[in-house]
Amino acid sequence: MKQYDFAINWSGNVKEKFVDFIKTACKQSQLSFFWICDDNAKDVARELENNQIAIKVLLDTEATYNKKSDFYARICYAVKDSGGIVINDPDRAKAAVDKSITHYELMNIGIVLPYTVVVRNWEPNNFKLTEEERNSLGVPFVIKPALGYGRGGVIQDARGSIREIATARNFDRGDNFLLQEKITPIELGNRRAWFRVFNVFGTIIPCWWDDQNHIYKHIGYEEFNSYRLFPLAKIVSKIAAVTRMSWFSTEITIDNKAEKMRFVAIDYVNDQCDMTTQSEAEDGVPDAIVEYTASYIVNAASQLINNEKLSKKYTIWLEDASIEIRGLGISPDVLTQATSKILSPQDKSETVS
């Protein structure tokens, strides 16, 4: 049986920087690397299910769990079922990315969220809001599919007409969708107080992320302190505790509803973070963050393969500083997903180089 230390589900171009960073990190850690893409995903799924190959750690950026024909999802489950580690675990990811599930979980632990009406997929096309719901949502409001990503199917400035709601429902008739209060952020300095925050195995990476032009900027130490942005880390650690996800991003904004500054979680969990770099696209993630993420994930994989314990302490990684901080709890243990012992590093005779 062929064994691979580290594999990635990545349908894009293998020359993209994130994949290159992953490959470089694997080489430095002496881990064999396997790239799974559209050209070979079907064969890889079959070979895993027939025990012809084995993968110790799989990084998934492609699986769509609500589609039965998705080969990337089959690959994730085949790796998990054989005792390997999947980042992120298929069952955790399947629940976490469903906003109609996560909304209530986050609300129940005290995270501030936009006022939301969840509409189930079996509700009729002529669904109407009550007067109380209209007043609480305000006008305009946002409509988004529960399983949507990349802003697909999102209506940003809904007014509450039946046609708008029917259009949103028709984006994916098998999906639930959410009607949400539209949040207007305050300004901090000359920036809109809108953030995308990454969590990488307990390393929290906060970025300015303009919701209008989608431009990132890694937050520096002075900004983090002077604007009192610690609640960004607190929210992310709470999301990790509830969803038990190892790698994700979330959107958080600050508004002053009722003349009180509040941190509001907007887009709850993105489990397949877009790792396009700023040097590849203007609205990409800063290159240093992408390289750091790739290196950190591969290093964590190496520790898991070598039966070493991962740190469970949270660290906030800023543009010019790294802060280890208490009071955030401990990061989720990815090893709890494995059904058997991970293949040991002594199996080198069968491992693909």
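The values are calculated or read from the model by the stated rules, or taken from the named source; none is laboratory data. The shown structure was predicted, so the numbers you read here are calculated from the model rather than taken from an experiment. Quick reminder, even Gly has a Cβ in these numbers, built from the backbone with ideal geometry, and neighbours come from all protein chains shown.
Evaluating Gln346 against the criteria (1) assigned by TED's automatic domain parsing to the domain that holds Phe248; (2) out of contact with any strand residue (DSSP E or B) (no Cβ under 6 Å at 6 or more places or on another chain); (3) modelled with pLDDT under 95; (4) not hydroxyl-bearing (Ser, Thr, Tyr) leaves one unmet condition, (1).
Does Arg244 satisfy the condition of being on the phi > 0 side of the Ramachandran plot and surrounded by 17 or more Cβ atoms within 10 Å (Cβ to Cβ)? So Arg244 passes the test. Scanning segment 64-119 for residues that are in contact (Cβ under 8 Å) with a residue 60 or more places away in the chain, closer than 19 Å to Trp10 by Cα and surrounded by fewer than 22 Cβ atoms within 10 Å (Cβ to Cβ) yields a count of 2. The single condition among (1) out of contact with any helix residue (DSSP H, G or I) (no Cβ under 6 Å at 6 or more places or on another chain); (2) in a loop (DSSP other than H, G, I, E, B); (3) touching a residue at least 12 places away in the same chain (Cβ under 8 Å); (4) surrounded by fewer than 18 Cβ atoms within 10 Å (Cβ to Cβ) that Phe127 does not meet is (1). Of all residues in segment 193-241, which are free of Cβ contacts under 8 Å to residues at least 24 places away in the same chain and basic (Lys, Arg)? Across segment 193-241, the qualifying residue is only Arg228. Listed by first and then second residue, the pairs linking a residue in segment 310-334 that is farther than 20 Å from Asn299 by Cα and in the same structural domain as Ile297 (by TED's automatic domain parsing) to a residue that is part of a loop (DSSP other than H, G, I, E, B) and of a type in the set (Gly, Ala, Ser), with Cβ atoms under 8 Å apart and 6 or more places separating them unless they lie on different chains, are Glu319/Gly220; Asp320/Gly220; Ala321/Gly220.
Tell me which strands (runs of 3 or more DSSP E) are completely within segment 188-304 and hold 3 or more residues being among the aromatic types (Phe, Trp, Tyr), or say none if there are none. The qualifying strands (runs of 3 or more DSSP E) are 194-200.
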